Structures are given as structure tokens and as C-alpha cells.
Amino acid sequence: MDLMSGYKNRVQGVVGRVFGNENSGSSEDSYVERLLDRISNGVLAEDRRAAIAELQSVVAESGAAQLAFGAMGFPVILSVLKEERDDVEMVRGALETIVSALTPIDHARGQKNEVQPALMNTDLLSRESESISLLLSLLLEEDFYVRYYTLQLLTALLTNSPNRLQEAILTIPRGLTRLMDMLMDREVIRNEALLLLTYLTHQAEEIQKIVVFEGAFEKIFSIIKEEGGSEGGVVVQDCLQLLNNLIHNNVSNQVLLRETMGFDPLISILKLRGSSYSFTQQKTINLLGALETINLLIMRGPETDPAKDANRLTNKTGLVQKKVLDHLLMLGVESQWAPVAVRCTALRCIGDLIESHPKHLDVLATKVLGEEPQLEPALNSILRIILRTSSKQEFVAADYVFKCFCEKNPDGQTMLVSTLIPQPQSMAHAPPEEDVNMSFGSMLLQGLTLSETDGDLETCCRAASVLSHILKDNIQCKERVLRVELEAPTPSLGSAEPLLHRMVKYLALASSMKSKDGKSSTSGNTYVQPIVLKLLVTWLSDCPSVVQCFLDSRPHLTYLLESVSNPTTTACIRGLAAVLLGECVIYNKSIETGKDAFAIVDAISQKVGLTSYFLKFEEMQKSILFSSAKPAQPIKPLSRSTAAGMEEIEDVDENQAIDQKNEDHPMLAPLFDSQFVNFVRNLEADIRDSIVDVYSQPKSKVAVVPAELEQKGGESDGEYIKRLKSFVEKQCSEIQDLLSRNATLAEDLAKMGGGGSSRPEHRASGGAERVHVETLRRDLQEASQRLEMLKADKTKIESEATMYRNLATKIEADLKSLSDAYNSLEQANFHLDKEVKALKSGGAMPVPDIDAIKAEAREEAQKESETELNDLLVCLGQEQSKVEKLSARLLELGVDVDELLEGIGDETGLPEDGEEEEE
């Protein structure tokens, strides 16, 4: 009865709110109620089974019936599960009915109910911890369908109320052990248990540890092997998802996997079998799940944890020792028939494996792919993917490999730069199939320069992205690539063209191609300019010789100034052009006129304006490309829901993916990572400080000689020297004043960041306003001090008043107590005086009448006993009535009342009553 009342109390408000009134759904209510009554009170077993089958059918088809069942059905059905285990058919029907009550009905989604019946029923059932324990106990039953429906029921509960069910299962002894035992059951039950454990272990560290302790790794890999590895079906996918749940951000489980099972079973899943290398959709999903497992083992988390970093490094070492790079290279590089999603994920795993690991970097650098005689270094093959692939996502993934290879690897960067040798004219335009024999650098140079002939700069920008990784934070490589000279376009022009100048030329070409009709003429030009600008920003950084080479051609500076102020370009392009101009200031060591830092700052001030120039930095930082830059995030895990409709990774549609406020191509986001964004932000601060320094220092030469410095005719030498001295002192005073004001203005401008041009009248009245503001500030400060003093005095006075008030209250209470004591003494004295007077006068004290008092007390006692006796007679009359009714009912049922009452009361109670009366 308590369970029934609890359920009714929980759903009473909900049902009324959903139905709206008592008549809505009344037919379903009454029908469900009749069925439940037949189940609970039926006499014939067949009738009860038929009733539970009808109940299951109506609950599966009607949302109103689901609500009615939730309001009154759970106690009845749970009592069947608890008390009628021997009737297997009833238990099956009860479980199937609850599963139907927790399963959403598709056609009910169109109804505008406040509460979904299935969700409400799930909430009701999951609130009772005893119900979860009851369901887990059913897993021990021998009947196949009982175990199967129980697992389905637990899965439905877990899908809708995961946290509550996870907590309940943790409190049940051996609850998880029973679930793990189901993995060794028949195939259908095993698959349901696998799916249930996958939901159960999601973001539940305690459950993950217990499941692993129960031997989850051995059972998972055993099932994967039994199902055929990557060639298996959805069961392999579920196993891999469960495996990934167990090791996700869980160092102890990763250590246990490494030390017990090792990485061999995992790597065997990646091994391609057969000669056709066919890739079905399910096989693709299975391979992606295995690659996700490797990614979880080696991926750096968002937070820095020494223990996790050490574990990640150990995982990397163990995987590379097991030759995982060979399988990843096969999937990502050699198997061009593999789906794009698999190739991209494999390439990213390669990048994560070699990142900041010198031995692994050397392993990749020495890897050779292909078969005789077409052997080729792995890095060359990855570069070819970058230059030739039609998939932008694959280009980004392969570019990530070079980013990780060049990060903190100066030896690797130098090795790659040493191959940058231009090919002869005959090889420069060789067919693509013959580039297998080309060196890495020759292939890269060909990609940098080949695009000019066909007008498509996409290949050039991809090669530029690779070159930016090679040059990053390596001054020797920057200077060495600076000396690479390309063949002159026209022999009559003289010396060969530097590679740096060719890159600026392509940058201008991409800009002109884009602005012909206001739209991009090719698909790649929307991101060519930002990527080439990123290369130039990286190249000029901290390298004065490169800055000098860049400024050797005056059109370069003019083009940058135009790019900064060009309103048709994106904020990112204008900002990067401004950064490039700033590098020409801070890394400028030239003393030539027109090329030094003073000349660059003057050009910026005259052509763009410092206010507008600094504004470009703010616009760039506010752009989506820079404001949303984040560290690399782990790959989103594949679930059944996401994998069911999964297709190959599609390239971003440029027309759909460009934001209205930010026209930067979405493919730039992974290339402009958080490291580059932070580098640009730090560079921006240095640029502001350098421009302030330039404005604060005078130029080294005087362009015009004032006429006052010449000696006038008839002027003596003494007077001339005196006039010169006065002139110099005056000039020095003015120069110092100007320098001081100039430095102040530059600092204010740098802090303001170009927030907008100030009007002349504001600048003219700035001094007076500053004095007025300063006066007001001082007055406000004095007023604040006086106010604080008054507040302190007020607080002191209030505390003293409170003290005196408490003291007065205490004194008043003392006086009142003294007055009461005095009055009582006066009354006592008065009575004593009266008694003394009476004794002196010889009068006798009145004696109370004892007999009268006894008679009065006896009369009151007799009245009380009569009242109690009357109450007792009334109670006896009521009991006699009940006895007569019960006797009549027993006679109707055929029971002999006299025989039933025979012997009752003969030996109990009477003697004691007699003794009490005698006493």
C-alpha cells in the first residue's frame, strides 16, 4: 500500500496537468484500471496472462495509456516481478509491459503535452532504488527472454535517466558483476549487455574502474576477435565505444590496459586484410573507433598534468614500438582508396604520435613507403597529398603532420630545408607521375611556383603552409631559404628572383584575382592570401635580413599599405598586413634612407594614419578566426546515433560556410591555431612599443639648415657665437618639449588602440578639461574623506547610545525587583502583626470541620466512579454490537461460533480480577 500511494502522489499532479480535466483520456484510464485489476485480483492464471498481454499492447500504442499506467500500474507489475517468479510467462509479460511504458511513441510527438509519458514513467521507476535491485536480480533467471527484456528495460532507463541509474547501480552489491556476466551469455543478450554497459560507463569514473576490474578489457577484445575485427558488424563498434569510454581521461585504466592486454589487440584491428581492401560503411566506422582509441591514448588534454603527460608519453613509446606507424601510414598515406574520414584521422594520429618526441620524429623521417622500384620517403608522400588532394580536410590533416614534425625540431627543419634546390628547367614542368624521383625540397618549390602558369594559386598556398612550419622559430632556416633563388621570369631582367619576392607577387596576384568582379574567381583564393601572409609573418619574425630583402623592392611596402587600408578585404587580411608592416619596424636594422624604421613609421602615419593602423589589430582580434582559436580538441566519439547516418567527411562548402560578419574561409581555423594566434598577439604588443620608441627618438640627420645658423654681414665673432648659443638653447628646449609631447601622444594612442580619430576642438580643449577634471577629483577626494570621518563619528555615537540604553534597562529591572520584594515583606509583616494582636487579645483560632471535609471528598469520589462506570458500559455495548455482527458474518461463511469461542476466557483474566476485588 505504501508503494502504491507513493506512485499516486508523484503522478497525480502530472496526469492532471497533461490531461487537463478528468474526462480527457478517461476511457484509457478505465481500461488500464480494469486490466490492472484483472492482473492483481484475477483467479484464473490464463485470465491474468491475457490481461497482461492486453495491457502491454495498449501501453505500446497509446500515450494516454502510458500515462495511466504510470499513475497506477507500476506497483502491480513490480509485485508480479517480485512474487510470481515461478510463472515465467507472467514475468515476461510484466517486463515487456514496462519496456513499452518507457518507450516513446513516434506519433505522440505531434502532441503538445508538457510531459512525455515515456520520460515521466522512466523518472517514476528510476526513483525507486528497490526497483533497480529487483531488475538486476532478474538477470540471474534461467529464462532467455526474462534476461533479454530486463536488459532492454535497464537500457531504456539508462537512456532517459543516466545519472540516477548510475548512482543506484553503484549502491547495489554485485550489480555490475551481473551485468558483466551477461557479456559471456548468448549472442543477443551479450549485444544488449554491451550496449547497456556503453551507456552506463559514459563519464562515470567509478563505474569504469569497477567494470575494468571485472575483466572488461579481456572480454571486449575477445568479442572483437570473435566478430572479425574491423571486418565485423555493429557489435565491434559497440565494443570499441565501450573501450573508449573506459580509457577516456582515465590514467589508471590506460595503465591497466597497457600492462595487462598490451597494444597488440588494438593494433591488430587496424591491420588491413584481404587483397581488395574494400571499405564498407561499417568497416569505416570500426576503423574510426580504433583510431579514436589510439587518439585517446596519446592526445594531450586541455589541462597540464605531469602524471597524465608521463602516461601519454609511455603510451606513445609503446605504440611506436609495436609498429603502429606502419599501419597508420598504410591507412592515411598509402591506401588512397580508403575513405577520406579514415585517411584524415590516421594522419592526425601520426602527427600526435611524433609531436615533441625526438625518437619518433627520426622514425618518421626515415620511413620509406611503396615497393621497389618506386620507394619514396614517407614525408615526400605526405607532401604529395598536400599538393594534390582534392579534399581540403585531407590537406589540413596532412599539414598537421608537418606542423607536429617541425615543432621544436630544428634538426628536422634543417634537413628539409637542405633539399630546397630548384630543379632544372626541364624538370620544373615534369608530369606529376615523375615527381616520385624528386627530392622533398624540389617538390615543395615546384608546388610554390607551378601555380603561376594556370592561374590557380591553391597549390601555392598549400606549399606555403608547409614552408611556414619549416621556417617557424628557426633563424638559420629562414636565412637559408632566403638565399634560394628562382629562375628569372625574363632573362633580360638580370639576376634571379628570390623566393620571398615570388611569394609577395603571388599575394598581390591572389588579391587582384579576387577583386575583378568582387567575387572569388577560384575556390582557393578565399584563403590563399591569409595563408601566404601567415608564411610571410613567420618568415620575417626576428630575422632582420629577411626584412631587408622584403624592403629591397619598394612596391612591397606600397602593396602592404594598400592592403591595410583596403575595405574590400577581410579583417584578417588587413590585420596580418598590419602585422607584417610592424615587423618591418621592429626587426628593421637598416640605416638606408627610405628603408629604416623611421621611414616605415612615417609611411604608415601618412598613408594609413596611426589611429587607423592600430584599429586593424583590434578588428583582427575580434574576428571569428582569432577570437575562436582554441587548442586541438579530442575527436568527438562516434555513437550509434551519429554513426548511423555518417558519410565521408565532406569538404566545406564555401558559399554556405562563410559568415556574414567574417568572410574568412572556415578551413583557416585549423591552420590558424592557438599558437599562431598567441604569437600574433605578443607581436602586436611589441609593435606598439616599437612605434612609441620611434616617435620618442629624433632622427639622426637634419634635412634643412636654418638660415639663422649663417653669420650675418658685419657681425662680430663674439656676437655670432652668442646668437648661435641662444638659438641652440632655444632649439634644445623646443625639441625636448616636442619629444615629451610626442612620446605622451604615442603612448596614449597605443593604449587607446586606435579607438577613433579625435576632433581638433577636443584636442584644443584637452588641457583645460584635464585641469578641471583634476580639480573636481581633488574636491571629490576631500568630500569622501569628510564623509568617512562623519560615518566614523556616527558609528561611535550610536554604539555609546546603545550602551547607555542597555544600562538604563538593567537599572530599571533591578528597581522593579527591589520594589516587589519590599511589597511582599510589607504584606508578611502585616499578617504577623494581625496574628500577634489576636493572640494578645486572647481570642482562639477557628478550627476546620474535619467531618464535613471527609464527606465532601467521599461525595466527589463517588461521582467520578459513577462517570467511569457509565463510560465502561458504553464501550461494552459497542463491543457487544461488534461481536454480534462478526458472529452473523461467521455464520454466513459457515463457521460454528460456539465451537470457535469454546475455551476462550476460562483460564485467563478471571482469577486476577477476583483477587483484585478481594483486595
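Would a scan of region 51-69 turn up a residue that is open to solvent by 60 Å² or more (accessible area, probe 1.4 Å), assigned to a helix (DSSP H, G or I), at pLDDT below 90 and closer than 18 Å to ALA101 by Cβ?
yes
Pick out the one residue from LYS595, LYS616 that is modelled with pLDDT of 90 or more and either buried (at least 17 other Cβ atoms within 10 Å of the Cβ) or in a helix (DSSP H, G or I) (or both).
LYS616
Let's see how each residue does on (1) open to solvent by 10 Å² or more (accessible area, probe 1.4 Å); (2) part of a helix (DSSP H, G or I); (3) within 22 Å of LEU445 (Cβ to Cβ):
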{"site": "GLY332", "(1), (2), (3)": "no, yes, no"}
{"site": "GLN336", "(1), (2), (3)": "yes, no, no"}
{"site": "ALA341", "(1), (2), (3)": "no, yes, no"}
{"site": "ALA346", "(1), (2), (3)": "no, yes, no"}
{"site": "VAL363", "(1), (2), (3)": "yes, yes, no"}
{"site": "ILE382", "(1), (2), (3)": "no, yes, yes"}
{"site": "LEU387", "(1), (2), (3)": "yes, yes, yes"}
{"site": "LYS403", "(1), (2), (3)": "yes, yes, yes"}
{"site": "GLN413", "(1), (2), (3)": "no, yes, yes"}
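Return the residues of region 415-424 that are part of a loop (DSSP other than H, G, I, E, B) and closer than 18 Å to PRO377 by Cα; say none if nothing qualifies.
SER418, THR419, LEU420, ILE421
In region 196-231, how many are more than 20 Å from GLN254 (Cα to Cα) and in contact with a Leu (Cβ under 8 Å, 6 or more places away or on another chain)?
The total comes to 2.
Among the residues of region 200-243, which ones are surrounded by fewer than 21 Cβ atoms within 10 Å (Cβ to Cβ) and polar (S, T, N, Q)?
GLN203, SER222
Enumerate the pairs (first residue in region 566-583 and in a helix (DSSP H, G or I); second residue anywhere and acidic (Asp, Glu)) with beta-carbon separation below 7 Å, excluding pairs fewer than 6 apart on the same chain, so at least 6 apart or on different chains.
ALA571/GLU619; CYS572/ASP664; ARG574/GLU619; GLY575/GLU619; VAL579/GLU684
Among the residues of region 366-424, how many are of a type in the set (Asp, Glu), free of Cβ contacts under 8 Å to residues at least 40 places away in the same chain and closer than 25 Å to ASP673 by Cβ?
Going through region 366-424 one residue at a time, the tally reaches 1.
Considering only region 159-199, state which residues are open to solvent by less than 30 Å² (accessible area, probe 1.4 Å) and charged (D, E, K, R).
Once the filter is applied, which keeps residues that are open to solvent by less than 30 Å² (accessible area, probe 1.4 Å) and charged (D, E, K, R), region 159-199 yields only ARG190.
Specify which of the listed residues (PRO373, PRO339, PRO358) is touching a Phe, Trp or Tyr at 6+ places or on another chain (Cβ under 6 Å) and either on the phi > 0 side of the Ramachandran plot or not small (Gly, Ala, Ser) (or both).
Residue meeting the stated conditions: PRO339.
Regarding ASP552, is this residue among the acidic types (Asp, Glu), surrounded by 16 or more Cβ atoms within 10 Å (Cβ to Cβ) and either under 40 Å from the mean Cα position of the chain (by Cα) or closer than 24 Å to LYS478 by Cβ (or both)?
For ASP552, the condition - among the acidic types (Asp, Glu), surrounded by 16 or more Cβ atoms within 10 Å (Cβ to Cβ) and either under 40 Å from the mean Cα position of the chain (by Cα) or closer than 24 Å to LYS478 by Cβ (or both) - is not met.
The values are calculated or read from the model by the stated rules, or taken from the named source; none is laboratory data. Keep in mind it's a predicted model, so treat the numbers as computed, not measured. A quick note on method: Cβ atoms are made from the backbone with ideal geometry, for glycine too, and the neighbour counts reach across all protein chains shown. The area values use the complete protein model at the heavy-atom level, side chains included, leaving out ligands, DNA and RNA. Shrake-Rupley method; radii C 1.70, N 1.55, O 1.52, S 1.80 Å.
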